[in-house]
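The values are calculated or read from the model by the stated rules, or taken from the named source; none is laboratory data. Only a predicted model underlies this, so the values are computations on that prediction, with no experimental measurement involved. Ideal geometry is used to build each Cβ from the backbone, glycine not excepted, and the neighbour counts take in all protein chains shown. Accessible surface is based on the protein model in full, side chains and every heavy atom, while ligands, DNA and RNA are left aside. Shrake-Rupley method; radii C 1.70, N 1.55, O 1.52, S 1.80 Å.
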Amino acid sequence: MAAEPAGLATPRVESARLAIDTERLRLFNRQVVRVPLGVMFVSGFIAYMMAPHAGASVAWGWAGAAVAVWIVRALLSAALLARPPGGARIGAALRWLTLLAIASGAVAGSASLVFFRVPPLEWAMMTMVLCAWCAAGIAISVTVPRAFYGMATCFLAPLALAWVLSEMPLRLPVAGLIVFFLYYLIVFARDGSQLLERALRAGFENEELAQRLQQRETEAQAARARAEEANLAKSRFLAAASHDLRQPLHSLSLLLDHAVHSTDDAKIGGTLRQAARSADSLGRLFTGLLDLSRLDAGSLTPEPRPVSLRALMRRLEDEFRPLAQDKGLAFHCTTSDVWVRSDPAMLERVLRNLLDNAVKYTEAGSIEVQAAAAGHEALITVRDTGIGIDAADRGRIFEEYYQVRNPARNRRQGIGLGLAIVKRMCDLLGHTIEVTSTPGQGSTFAVGLARCEPPGAPAGEDALPSAAPLAGLRGTVVVVIDDDAEVGEAMRTLLRDWACRPIVAEDAAAAIAQLDAAGLTPDAVLADWRLAGAENGLQAIERLEARYGARPAAIVTGEIDPSGLEVPPHVTLDILQKPLRAREIGEWLLRAK
């Protein structure tokens, strides 16, 4: 840790210093309370050895004084361990312990003066014992080094002086060795103290870091919880907004489609077609936003099953060939009898987005979509001769809201969600997607899928008419159950235009009353899922079936996630998602007959 400038110690530095001093004090006291027993043994040995030469009272009196000082130190340390001081009292406690350490060193070191006139053998043994005794103090030197400096100096300085004053052989070399030993002990104590301080500081910093990490983790968990709650709130809002916003858009699309085909005025017809295109664009943008939200929330769950590419490609060709021809583009569709395993609705959405982009960004030339087998896989390619994609943009085209060459955010070119949804759905389905492009010459998107065997009893997808003449609907009794008056009137107008006999009601009871009054039985039922009363669309359909028998039926819903509708597995009906175009309703009625 970098040193703080003088006079500018921060509260954090002061807190760290206080924590280190507290730990030093605790370690020092733990060592001191263990020492008196050893002091009693060593001082008793010296007194026993010196009593015959210095007198028993002197020898044992010295030993008693040495032990007494250590007992006082031990009692003080025990009290400090039991009730650790805090704040400024820590410094005072350390000062008292240092003074007592110096006192104990002075009492023990006085042995060299008290027993100065003893035989050489006893003198030499006493010297060794005192040096060993002092060296034992190294155990507590690293905790409070100043206490050890004072104690060791008072221990060994008198001994070195006594050797200088004695008449022993080699007295000066031995005195020098004692001084060197004292210096060595002090240096060792200093280095050990510095090492201990670094270890304590690192320990406290690690503890502080762990606390900060724990705090950050707690904050991160709280942030995640808030984000999840916000995401849930967003999902709840979108679920509600999906139904409420789709209703007027659904009604608007139906009325515009009807109006376009009902007028002979070219000027009015052109205006209505522009309005219909705007409504269609709004529907696509709205659906794209909802799909992206469902992908972000993880609420879009694929339901893979065998899918016929021939049937899928035929539907896409019927939809996009007229759009391409309106722009003067050639449209080529090539397919084969290949079956793949995928979620049919999600796969169709992926290809629709790719074809929509191809039509949108191609002003001249052609669009080609091809599905073919490629070993154990199938490959669907969408090629165009449009504006192409620069290499710098190629890595970003799958990002949300990113559009190539649309800096002005022209709404006719969408808002940049199509390819983002394509990539997310391909990842979710386990399909690969690759893009090659040359600026000014066009782009090719290739989707790789796993092939599979066709189901045992192939569904008649190829036989489903996608553009049969609406004259075949003449006289068809269609029950529409929807509590939205605007949607009901739009459906009534559209069905009457097709020469159908519409029965529009807010619930099943009202529909049954109208049917019985007119002496009719339904040929098909279209029911909104969310109704104003106690029953939902499924329950309304079941009431009609209980009265008139099984009839072709479909749930029309504006829910954000139609797969979450509580439809029992044994119930067979279609689910159509708002906003619907008139063509989609007409195709469903033709299939249902």
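When the trypsin sites (Lys or Arg not before Pro) in the stretch 99-188 are filtered for DSSP coil states and for at most 14 other beta-carbon atoms within 10 Å of their beta-carbon, the remaining sites are Arg117.
Report relative contact order for the stretch 119-220 in percent, whole number only (criteria: Cα-Cα under 8 Å, sequence separation at least 6). Rounded, it is 29 percent for the stretch 119-220. Remark: the stretch 299-394 carries 44 Å² of accessible area per residue (probe radius 1.4 Å; ligands, DNA and RNA excluded). Using heavy atoms of the protein chains and a probe of 1.4 Å, the accessible area assigned to Arg314 is about 110 Å². When a/c reaches 1.5 or more, the comparison of a/b and b/c decides; with that in mind, is the stretch 134-226 rounded, prolate or oblate per its Cα gyration tensor? Verdict is prolate for the stretch 134-226.
When Thr301, Thr493, Thr362 are compared by accessible area of protein heavy atoms, the largest-first order is Thr301, Thr493, Thr362, using a 1.4 Å probe.
Rolling a 1.4 Å probe across all protein chains gives Glu506 an accessible area of roughly 120 Å². Computed with a 1.4 Å probe over protein heavy atoms only, the accessible area of Ser57 comes to about 100 Å².
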